[in-house]
1. Within segment A:80-100, does at least one residue satisfy the condition of being more than 18 Å from A:ALA47 (Cα to Cα) and away from every other protein chain (no Cβ under 13 Å)?
2. Of the conditions (1) in a loop (DSSP other than H, G, I, E, B); (2) over 16 Å from B:GLN129 (Cβ atoms), B:ARG229 fails just one. Which one is it?
3. Whether any residue in segment A:56-72 is assigned to a helix (DSSP H, G or I), among the hydrophobic types (A, V, I, L, M, F, W, C), open to solvent by 70 Å² or more (accessible area, probe 1.4 Å) and at pLDDT 95 or above is what I want to check.
4. Considering A:LEU221, A:LEU238, A:LEU191, A:LEU134, which residue is within 16 Å of A:ASN111 (Cβ to Cβ) and not small (Gly, Ala, Ser)?
5. Kindly evaluate B:ASN123 against the criterion of being closer than 20 Å to B:GLY49 by Cα, of a type in the set (S, T, N, Q), touching a strand residue (DSSP E or B) at 6+ places or on another chain (Cβ under 8 Å) and within 14 Å of chain A (Cβ to nearest Cβ).
6. Output the residues belonging to segment A:142-199 that are of a type outside the set (A, V, I, L, M, F, W, C), more than 18 Å from the chain's Cα centre (by Cα) and open to solvent by less than 60 Å² (accessible area, probe 1.4 Å).
7. Identify all residues within segment A:1-12 that are in contact with a helix residue (DSSP H, G or I) (Cβ under 9 Å, 6 or more places away or on another chain) and over 15 Å from A:LEU238 (Cβ atoms); write none if there are none.
8. Before we move on, is B:SER105 surrounded by fewer than 20 Cβ atoms within 10 Å (Cβ to Cβ), polar (S, T, N, Q), modelled with pLDDT of 95 or more and out of contact with any His (no Cβ under 6 Å at 6 or more places or on another chain)?
Number of protein chains: 2
Amino acid sequence: MRYFIKFSYDGSCFHGYQIQPNLRTVQGELEKALSYINGKNRVIVHASGRTDLGVHARMQTATFDLDRNIPLYKLKMAINSNIGDDIHVYSVEIVSSEFHARFSSVSKEYNYYINIGEYDPINRNYVYQYNRPLDIEQLKRNIKYYIGKHDFRSFVSAEDIRENAIREMFDAHIEVDKNIIKFVFVADGFLKYQVRNMVGTLLSICEGKIEDLSIPKILELKDRTTAGRTAPGEGLYLERVNY
Amino acid sequence: MRYFIKFSYDGSCFHGYQIQPNLRTVQGELEKALSYINGKNRVIVHASGRTDLGVHARMQTATFDLDRNIPLYKLKMAINSNIGDDIHVYSVEIVSSEFHARFSSVSKEYNYYINIGEYDPINRNYVYQYNRPLDIEQLKRNIKYYIGKHDFRSFVSAEDIRENAIREMFDAHIEVDKNIIKFVFVADGFLKYQVRNMVGTLLSICEGKIEDLSIPKILELKDRTTAGRTAPGEGLYLERVNY
């Protein structure tokens, strides 16, 4: 029986999504809870993708197989009562054995938040504090160049050795709510650090460190060193996985 | 020289506002930073009032005296660089020696947030998770009875031994934003646990444990046992102190 879960978590409490020995990770916590529910037999959780240290998820998805048929509301309760209060499974469904949280997804949305106002201690783990002036119109002019089918090699961590960096960006825009600027990215897939590098590059452009309107050229060069810095993890949210 | 500061903090990181031996408190952290700035001579910080364990402040105020005349922007930087990232001083002014953060204030606003939707792990320390159905119209009908000049003895912690529990409530209303219900209270002063007891009583009314529309009677009885439970601290914010 293949189960499909939707869940959210506070990334500031974990050493990232992926399981690691001796570190508290989202996958590690979920597998521990599920293995306990499964009579102490290991259950492998396959997520839609990883998130890094400090990165949050409003909707992350995963599948796993259990030999037992557990009523869905009971399984939801059982998982939530066996994990910390910093993860929450809000939906459990049964899916066919061909369904895969990653390969069956058609697109994902990531949001990135920066605060350009006074530092807010209550939000310190949930938004990137940016203490320089920022030209919103310049951000808007530049962010639209990410839209379309591109080779995003220039925006990929050197750690990501996947050969294919071609992804289709369906949407890239910003929304402004007082001092909070929200970057929205929707694509058929994302590479390691891609969103943080795309945001960091936009900020580098606004700071005059990278030429205005140069994103098309950076994409063409396929060279990580031509893009800007990596924005920190605390501002990033996996917002939604679409199927 | 008397200084007047406005600051915010994440209450989930402190054992309340008031200084206590061997516990991390907001007052303790501020006095430690200021005493360091003041050449290791103790500086006593007088706030507009205390907040309890887990309670947040978007705008708390305090005064303190220093022998030295420090440029305001430098003092702001000096305090912020000597305290944790869970407190932030956003304004420093010089005031006359008659000015007092508590006695000079004319009113205060507290907000209380409850989430009636799915549990949100990212917000777990910043909103009270309420998992029962809630009749918003019943809340609105009942909350308005707090407005006016009343003896709030029935809503005061037994620990608060001040003799006078008469306070004037200038405003009491709720605002609804999707699944988040925000309770707004503005008064010339608040007693210990008063807001949490007022919110808890409204919830007890909605749960049918206390009679509908009985707040006038509860106020009249001046008996803590006639009111409802104390809502937890994580949903409460000192929003503003008015002068």
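The values are calculated or read from the model by the stated rules, or taken from the named source; none is laboratory data. Given the structure is predicted, the values throughout are model-derived calculations rather than measurements. Cβ placement follows ideal geometry from the backbone for every residue including glycine, while neighbour counts extend to all protein chains displayed. With ligands, DNA and RNA removed, areas are computed over all heavy atoms of the protein, side chains included. Shrake-Rupley method; radii C 1.70, N 1.55, O 1.52, S 1.80 Å.
1. The answer is yes, given that some residue of segment A:80-100 is more than 18 Å from A:ALA47 (Cα to Cα) and away from every other protein chain (no Cβ under 13 Å).
2. (2)
3. no
4. It is A:LEU238.
5. no
6. A:ASN142, A:GLY148, A:HIS150, A:ASP151, A:SER154
7. The one that is in contact with a helix residue (DSSP H, G or I) (Cβ under 9 Å, 6 or more places away or on another chain) and over 15 Å from A:LEU238 (Cβ atoms): A:TYR3.
8. In short, yes.
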